[in-house]
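A short write-up of the structure that comes next.
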Amino acid sequence: MFQLVELEDVVRITPDKFNEPLNEAAKKILKAKYESTVNPELGFVILVTDVKVDPVGKIIPGDGATYHKARLSILTFLPKIKEVIEGIVVEIMDFGAFVRIGPADALLHLSQILDEYLTTDARQGIIRGTQSNRTLRVGSVVRVRITAVSLGKGMEMGKIGVTCRQPFLGALEWIEEDVKKAEMKKAAR
């Protein structure tokens, strides 16, 4: 789930940045500190959007920098177990597919794609069901449910597992087919 989070922090402005406007200098420092990191409580930190810095700072003896309280807004992506989300298949492997959901890639294992025997062709980037002939390929848009989340810390991405072995999950074409079949059944009654 994407969310905007408000944080408070103290930013250290070094003397080489004294000639820059305070908010711009603080925003650069906070972007370098937070963006493209992973935090177990916040998830994937994507963007620092707004920074408000207290113009009155503190000086610590022996340190030439000033310290200012700052309020910032950050855009994060925190995957939640049981959340249904759409993504794009970015890679096909012999053991399954990787699905890009937000800023991260989640593993869609072969056992979690369809309730039938599957054949994979990693070179061609295709997974095909032998009975239904449904295919999953690089670039397919899929709707999946998150089943496992293990976030790392700092620059470590962690792991996310997903499934599409539930009703109305899978490639969007499959879902459209299932909805049409259900509507035809309902109309036939």
7 Å from Cα along Cα→Cβ at both Glu8 and Asp94: what's the point-to-point distance in nm? 5.5
Enter the per residue convex hull volume of the range 84-188, computed from alpha-carbon coordinates, in Å³ rounded to the nearest integer. 99
Could you work out how far apart the two model spin labels at Asp115 and Ile60 are, taking each label as a point 7 Å from the Cα in the direction of the beta carbon, and quote it in nm? 6.1
Run the numbers for Val179 and Met1: contour at 0.36 nm per residue of separation, minus the present Cα-Cα distance, in nm. 61.5 nm
Only four residue types carry charge here, +1 at the Cβ of Lys and Arg and -1 at the Cβ of Asp and Glu. Report the dipole size of the chain about the Cα centre in Debye, rounded to the nearest 20. 400
So between Arg165 and Lys82, what do we pick up on full extension, going 0.36 nm a residue minus the alpha carbon distance? 28.6 nm
How big is the C-alpha Rg of the range 2-77 next to the rule-of-thumb value 2.2 N^0.38 Å, as a ratio? 1.14
Expressed as a whole-number percentage, the relative contact order of the range 75-189 with C-alpha contacts under 8 angstrom and at least six residues apart is 25
If each DSSP helix of 4+ residues adds -39,500 (n - 2.57) and the sum is divided by the residues in the chain, what number results at 222 nm, nearest 500 deg cm²/dmol? -5000 deg cm²/dmol
Nearest-ten-degree value, helix 172-188 long axis tilted from longest Cα axis of the chain: 50
Using alpha-carbon pairs under 8 Å, 6+ residues apart, how would you state the relative contact order of the range 2-77 in percent? 45
Cα gyration tensor category, rounded, prolate or oblate, for the range 77-124 with a/c compared to 1.5: oblate
Under the 0.36 nm per residue contour assumption, what length would be gained going from the current alpha-carbon distance of Ala148 and Asn23 to full extension? 41.1 nm
Assuming R0 = 25 Å, what is the FRET efficiency of Ala122 and Glu35, from their Cβ-Cβ distance, to the nearest 0.05? 0.15
If packing is taken as the average count of other Cβ atoms within 10 Å, what order do 73-82, 122-131 fall into, highest mean first? 73-82, 122-131
Can you match mean projected area of the Cα convex hull in nm² to one of these, (i) 18.9; (ii) 13.5; (iii) 14.9, based on a calculation from the structure here? (iii)
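Values in this text are rule-based calculations from the coordinates and carry no lab data. Given the structure is predicted, the values throughout are model-derived calculations rather than measurements. Counting neighbours? That spans all protein chains shown, and the Cβs are built from the backbone with ideal geometry, glycine included.
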